[in-house]
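Report on the structure given below.
The values are calculated or read from the model by the stated rules, or taken from the named source; none is laboratory data. Since this is a predicted model, take the numbers as computed values, not measurements. Cβ coordinates were reconstructed from backbone atoms using ideal geometry, including for glycine residues, and neighbour counts include every protein chain displayed. For accessibility, only protein heavy atoms count, side chains too; no ligands or nucleic acids. Shrake-Rupley method; radii C 1.70, N 1.55, O 1.52, S 1.80 Å.
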Amino acid sequence: MFPQTLTRLTALEAQIAANGFLLDNLPDRYLAVEPQFDPAAQAWRVKVVLTYPVIGCIGQVGEIMVSAYSEKILSHTPPTEIRERGRQLYEQNRDAIQTAFSLAGN
């Protein structure tokens, strides 16, 4: 158990830490969202999604675990796996993505 003097990160702080990890390791199409506190792990589970500015979220491609008491990344889906899942989601949604960008440009 953690000492009472430690302050638990907020959901927003955990999400910021996870997005910092993504910025350091992946292209800008990936975003950390929806932090959920895991009391058993004493950590925040933060979903990683593929997203596009015109369209929004395409789908989940991974997860990052952030310590509940620091901004330390405890575990994460490997970036190569995130990229591969992102590529698969893009291929599955290619027509809709290209159409949305075409319409946004008009």
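So what is the relative contact order for the chain, in percent, with contacts set as C-alpha pairs under 8 Å and at least six apart?
Values: 162 pairs, mean separation 23.7, N = 106.
Relative contact order for the chain comes out at 22 percent.
By how many degrees, 0 to 90 and rounded to 10, does the Cα axis of helix 11-25 deviate from the longest principal axis of the chain?
For 11-25 against the chain, the angle is about 60 degrees.
Which whole-number value in Å² is the accessible area per residue of the chain, probe 1.4 Å? Don't jump to the answer; show the numbers that get you there.
Details: 6500 Å² over 106 residues.
Averaged over the residues of the chain, the accessible area is 61 Å².
Mind checking the dipole of the chain: about its Cα centre, +1 per Lys or Arg Cβ, -1 per Asp or Glu Cβ, Debye to the nearest 20? Don't skip to the end; give the middle numbers.
Numbers: 9 positive and 11 negative charges, 8 e Å.
In debye, rounded to 20, the chain gives about 40.
With all pairs of different alpha carbon atoms counted, what Kirkwood hydrodynamic radius in Å does the chain show? Numbers along the way, then the final one.
On the way: mean 1/r = 0.0679 Å⁻¹.
14.7 Å is the Kirkwood radius here.
Can you send over the carbon and sulfur percentage of the accessible area for the chain, probe radius 1.4 Å, protein chains only?
That fraction is 52 percent.
Given the rule -39500 (n - 2.57) for each run of at least 4 DSSP H residues, summed and divided by the residues of the chain, what is its mean residue ellipticity at 222 nm, to the nearest 500 deg cm²/dmol? Before the final figure, lay out the partial values.
Numbers: 2 runs with 41 residues, N = 106.
About -13500 deg cm²/dmol.
Tilt of helix 79-104 relative to the longest C-alpha principal axis of the chain, in degrees (0 to 90, nearest 10)?
The answer is roughly 40 degrees.
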